[in-house]
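Notes to accompany the following structure.
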Amino acid sequence: MTDAAAAVDGEEDAPTAPPTDSGNVEEEEAAPSFLTVVTDKFFAFLLAPFVEIGMLARMLFEVIYWGFRPPYRARLMIQSMEFVGVGSIFIVSLTGLFLGAVLGLQLADGFRQFNAENQTGAVVGMAMTREIGPVFTALMVSSRAGSAITTELGSMRVSSQIDALTTMAVNPVQYLIVPRVFAGLIMVPLLTTLFVIIGMFGAYTVCVHLLGIDPGVFMDRFRWLVDWKDVLQGLIKAAVFGVTVTLVACRQGFHAKGGAAGVGAATNRSVVQNAIAILALDYLLTSIILGQV
Amino acid sequence: MAKGTTVVTGHAGAKITLTSPDEYKDEPEKDPVHIRVRDLHKSYGKHHVLKGMSFDIFRGKTNVLIGPSGSGKSVLMRQLIRLESPDSGEVLVNGVDYTKLRGRALDKKRKGMGMVFQMSALFDSMTVFDNVAFPLREHTKLSRKEIRDRVMDRLQSLGIGAAWNRSPAELSGGMQRRVAVARSLVLETEILIYDEPTTGLDPITTQTVDDLIREAESKYGVTSIVISHDMASVFRIADYVTFLYFGEIAATGPPKELLKELSGPMMEFVRASGVSVEIIEAARRGK
């Protein structure tokens, strides 16, 4: 168990103030003033994101450290890849299809105002490969697999299954977190590719079959604007998001406390933090890739 | 005072006799004391939970740690199995200080210790068989057949052979505890720690779990450490009892000896637990 987890557990286990020999409870420290409480809470609120980032960085370091040490549990890796990747195919495909369709519809409508609807394929393609594909895929994986990972690990934590692993001399980070983060790293880029392909199919169907845009022009403009750099940009983002989504989900579940309610709260935090992290990282990565930083 | 022993002061001036490992320095496995806890401290922030605990745990016996809620039983258990590191003090297992071990050295020693958690902590994604086979698959190079044989042997000897392919959720509380004991014993365990094993169980299942603890001790010769506040259970199974009171040791010794000298918080605790005064009085009279 990490020290952080131990500290969390320790707080949970800490008993209440002991009675003295006479049976009276020891005199408690003077209650802090209202101003102190408000100030403490304000600073805790301000520092919370930095604490969270620090904890995530520490966990990422542990994942890298334990990821390169034997034993390598191929079976667990494959199981995690199946859960994160194969299990998300349906939701990612469906989202990709409708998002591609609606994007085609909106852009074609917009471009039509200045007779440029032939550019729809190009713009949809660029948006899909660079931005919408990785971001929406990561959001979908976070909602489906991330929340499930947090719930599973949280339940394991509050029912002492993670402690049981430690007592059996099995490192819980290596056993539980490394395979899931690895699965995120590999499967989210693959799902993103699927999302983009199906999204383009949705956009093509709407633009060509409903709005009457010439199919040759649609594809030609797409090939003209979108190149491998765009695809690579999307895949790099997807890999970063994959690690982030699974890492945040694992961290929240791994350090969950407080029974069923605590697991619920951890799952909630996991989804919210992931949504924020994906969008913030998207901006950061785009700035770096485009050389704006 | 017996040779090689020292006396330290526990809660409210209680005298705690401690043994020395010196006599068995060359053959620690023959030492009747398996674990020596010495001056163990643990704090969480400003809260000092373990305030210098010192006591002995005897080899091949059932050692029960009792005390009211908040007395530090679970915190002590977490230091014994090294789920946490104490602030200071020693936990000497066969003469080796567990608190100084790190990494692989600690993992190696951990394999000789088993833990049965309050709610059994079985992996609910696995069957009973896979739960018990888990430590063997992780730590040994046994063949599939050898693993199967050893797992089934443990399950059958604990009376749950027929449940090998069921999931933990399908088992009763008592059966889950049995599976947890089988899982803890599968790796030639020397020390088995039970964290409140009878909490939340009905009286008949409680008796079954008590029998199981004695059975594990007699069949496999393990040193059992039972953390409990179920007094009836304590008198049924304990060879030695250590009474914890808010981070300190208030009394330690065989249960009959302790009953003879009952006083202070332990007297209150025993009475409040519903153990009849007649039993206490009879014990005092040596009956």
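Quick one: if you take sqrt(5λ) for each eigenvalue of the C-alpha gyration tensor of chain B, what semi-axes come out, biggest first, whole angstrom?
31, 23, 17
With each label point set 7 Å from Cα along the Cα-Cβ vector, what nm distance links A:VAL38 and A:VAL272?
A separation of 2.3 nm, rounded to one decimal place.
If you take the Cα atoms of the range A:144-272, find Rg, then find the Kirkwood Rh from the mean of 1/r over all pairs, what is Rg/Rh?
Ratio of gyration radius to Kirkwood radius for the range A:144-272: 1.20.
Please give the charge dipole size of chain B, origin at the Cα centre, charges +1 on K and R Cβ atoms and -1 on D and E Cβ atoms. Round to the nearest 20 debye.
460 debye
Using 1/(1 + (r/R0)^6) with R0 = 35 angstrom and r between the beta carbons of A:LEU232 and B:MET126, what's the FRET efficiency to the nearest 0.05?
0.30
Which trypsin sites (Lys or Arg not before Pro) from the range B:115-190 combine a DSSP loop assignment with at most 12 other Cβ atoms within 10 Å?
Here the trypsin sites (Lys or Arg not before Pro) that fit, given the DSSP loop and packing criteria, are B:LYS141.
Percent relative contact order of the range B:120-183, based on C-alpha pairs within less than 8 angstrom and at least six residues apart?
Across the range B:120-183, relative contact order equals 52 percent.
Give, in whole angstrom and from largest to smallest, the semi-axes √(5λ) of the equivalent ellipsoid of the range B:1-116, with λ running over the eigenvalues of the Cα gyration tensor.
Calculated on Cα positions only, the semi-axes equal 21, 20, 13 Å.
What is the magnitude of the charge dipole of the protein assembly as shown about its Cα centre, with +1 placed on the Cβ of each Lys and Arg, -1 on the Cβ of each Asp and Glu, and no other charges, expressed in debye to the nearest 20?
1300 debye
Once you list every other residue whose beta carbon is under 15 Å from the beta carbon of A:ALA183, what net charge do they have if Lys and Arg are +1 and Asp and Glu are -1?
Once positives and negatives cancel, what remains is +2.
Could you tell me which residue out of B:GLY72, A:LEU99, B:MET152 lies farthest along the dipole of the protein assembly as shown toward its positive end? Charges go on the beta carbon: Lys and Arg +1, Asp and Glu -1, centred on the Cα centre.
Farthest along the dipole direction, towards plus: B:MET152.
I'd like the orientation of helix B:173-185 relative to chain B: the angle between its Cα long axis and the longest Cα principal axis, in ° from 0 to 90, rounded to 10.
Computed tilt is about 90 degrees.
Exposed loop chymotrypsin sites (Phe, Trp or Tyr not before Pro) only (DSSP loop, at most 16 other Cβ atoms within 10 Å): please give the longest stretch of chain A free of them, not including the sites.
A:115-293
What is the mean number of Cβ atoms from other protein chains located within 10 Å of the Cβ atom of each residue in peptide B:65-75, rounded to a whole number?
Partner Cβ neighbours, averaged per residue: 3.
With no solvent and one point on each alpha carbon, what is the Debye value of log10 I(q)/I(0) for chain A at q = 0.07, 0.16 Å⁻¹?
-0.37, -1.20
Two decimals is fine: what's Rg over Rh for the protein assembly as shown, C-alpha atoms, Kirkwood radius as Rh?
Across the protein assembly as shown, the Cα-based Rg/Rh ratio is 1.10.
How much length, in nm to one decimal, is gained on full extension between A:ARG73 and A:LEU46, taken as 0.36 nm per residue of separation minus their Cα-Cα distance?
Extra length available between A:ARG73 and A:LEU46 comes to 5.7 nm.
If I take every Cα pair under 8 Å that is 6 or more residues apart in the range B:2-152, average their sequence separation and divide by the length, what percent do I get for the relative contact order?
17 percent
Running Debye on the range B:163-204 with equal point scatterers at the Cα sites and no solvent, what base-10 log of I(q)/I(0) appears at q = 0.21 Å⁻¹?
-0.77
Summing Lys, Arg as +1 and Asp, Glu as -1, what charge do residues with Cβ under 10 Å from the Cβ of B:MET113 carry, B:MET113 excluded?
Result for the neighbourhood of B:MET113: +3.
Modelling each spin label as a point 7 Å along the Cα-to-Cβ direction, I'd like the B:ILE204/B:MET152 distance in nm, to one decimal.
3.0 nm
Take the Cα pairs of the range B:72-167, get the Kirkwood Rh, then feed it into Stokes-Einstein at 37 °C and 0.692 mPa s and tell me D in µm²/s.
Rounded, D is 212 µm²/s.
How far apart, in nm, are two points set 7 Å out from the Cα along the Cα-to-Cβ line at B:THR9 and at B:ASP39?
Each label point lies 7 Å from its Cα, and together they span 1.5 nm.
In chain B, which longest range has no GluC sites (Glu not before Pro) that are both DSSP loop (not H, G, I, E or B) and surrounded by at most 16 other Cβ atoms within 10 Å?
B:1-187
Mind grabbing the interface size between A and B? I mean buried accessible area, both sides, 1.4 Å probe, in Å² to the nearest hundred.
Buried: approximately 2500 Å² between B and A.
Are there any trypsin sites (Lys or Arg not before Pro) in the range B:1-102 that are in a DSSP loop and have at most 11 other Cβ atoms within 10 Å? List them by number.
The qualifying sites are B:LYS3, B:LYS25, B:LYS46, B:ARG102.
How high is the relative contact order of chain B, in percent, with contacts defined as C-alpha pairs under 8 Å that are six or more residues apart?
Normalised by residue count, the contact order of chain B is 24 percent.
Under 4 °C and 1.567 mPa s, how fast does the range A:237-290 diffuse according to Stokes-Einstein, given a Kirkwood radius computed over C-alpha pairs? Answer in µm²/s, whole number.
Calculated translational D: 110 µm²/s.
Quick one: net charge of A:PRO134's neighbours, Cβ under 15 Å, K/R +1, D/E -1?
So the surrounding residues net to 0.
Between B:GLU138 and B:SER167, what FRET efficiency follows from the Cβ-Cβ distance if R0 is 22 Å, with the result rounded to 0.05?
Plugging the Cβ-Cβ distance into 1/(1 + (r/R0)^6) gives 0.65.
As an exercise, use a Förster radius of 41 Å and the Cβ-Cβ distance of B:ARG102 and A:ILE91 to find the FRET efficiency, rounded to the nearest 0.05.
0.40
Debye sum, Cα scatterers, the range B:146-228, no solvent: what log₁₀ I/I(0) at q = 0.11, 0.12 1/Å?
For the range B:146-228, the Cα-only Debye profile gives -0.27, -0.32.
The values are calculated or read from the model by the stated rules, or taken from the named source; none is laboratory data. Quick caveat, the model's predicted, so the values are computed rather than measured. Here Cβ is always computed from backbone atoms with ideal geometry, including for glycine, and neighbour counts include all displayed protein chains. Just the protein is used for accessible areas: all its heavy atoms, side chains included, with ligands, DNA and RNA removed. Shrake-Rupley method; radii C 1.70, N 1.55, O 1.52, S 1.80 Å.
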